[in-house]
Amino acid sequence: MSTQALTLETHDETVKDGIVLIDFWAEWCGPCRQFGPVFERASEKHTDIAFTKVDTEDQQQLAARYGITSIPTLVAYRDGIPVFGQPGALPETALEQLIEQVRGLDMDTVKQQYAQALQQQQAQQQAQAARGAQTQRTGTAVRAGTDPAAF
């Protein structure tokens, strides 16, 4: 199976089932051009996996949705859950290891952990919204958390 273009319009439907790898790239990017053939060979070898590519110049909204600041960036989904994301061109052996790791995931555990993470994120957002409402009522600013890993 060869790679396929991923767009903002096709994203949600594409990532909802099975294993999906997303390569964020641009034509002008040297490391992207080096990683492209590695990604293509893997797509031919692993025909049960969806190998998709996002041209960050053409799909700026989708790249922004992911907070892409460095390319190439590789993101992996399994059954609608993002399970990996990392900037940089992976060597072929590292990509193969990643594929095997994603295949080997215990999805019951992953789904449970993902649901817990979503609940925590929602609770944090509600707390921030409550602090924002308090700021509007009192005129006193309340500093929000600054965890760089939270997006």
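Each reported figure results from applying straightforward, stated rules to the coordinates on display, with no laboratory input. Note that the structure is a prediction, hence the values are computed from the model and not measured. Positions of Cβ are generated from backbone atoms using ideal geometry, with glycine treated the same way; all protein chains shown enter the neighbour counts.
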Q: Would you mind calculating the relative contact order of segment 3-110 from Cα pairs under 8 angstrom and at least 6 residues apart, reporting the percent as a whole number?
A: 34 percent
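Pick out, in residue order, every one of the GluC sites (Glu not before Pro) in segment 11-78 that is DSSP loop and has at most 14 other C-beta atoms within 10 Å; say none if there are none. Intermediate results must be reported in sequence, preceding the final value.
On the way: sites: 13, 27, 40, 44, 57; in loops: 27, 57.
Hits after loop and neighbour filter: 27, 57.
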Q: Just subtract the alpha-carbon distance of residue 108 and residue 70 from 0.36 nm times their residue separation and send over the number in nm, one decimal.
A: 10.5 nm
Q: For segment 23-106, just list the percent of Cα-Cα distances falling in each 5 Å bin from zero outward, please.
A: 3, 14, 27, 26, 19, 9, 1, 0
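Using the Cβ atoms and a cut-off under 14 Å, what net charge is assigned to the surroundings of residue 43, where Lys and Arg are +1 and Asp and Glu are -1? Kindly include the intermediate steps, with their values, before the conclusion.
Working: positive: 41, 45, 53; negative: 23, 40, 44, 48, 92, 96.
That works out to -3.
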**Q.** All-pairs alpha carbon distance profile, segment 60-131, 10 Å steps from 0, percent
**A.** 16, 35, 37, 11, 2
Q) Of all the Cα-Cα pairs you can form in segment 1-51, what percent are over 15 Å apart? A) 48 percent
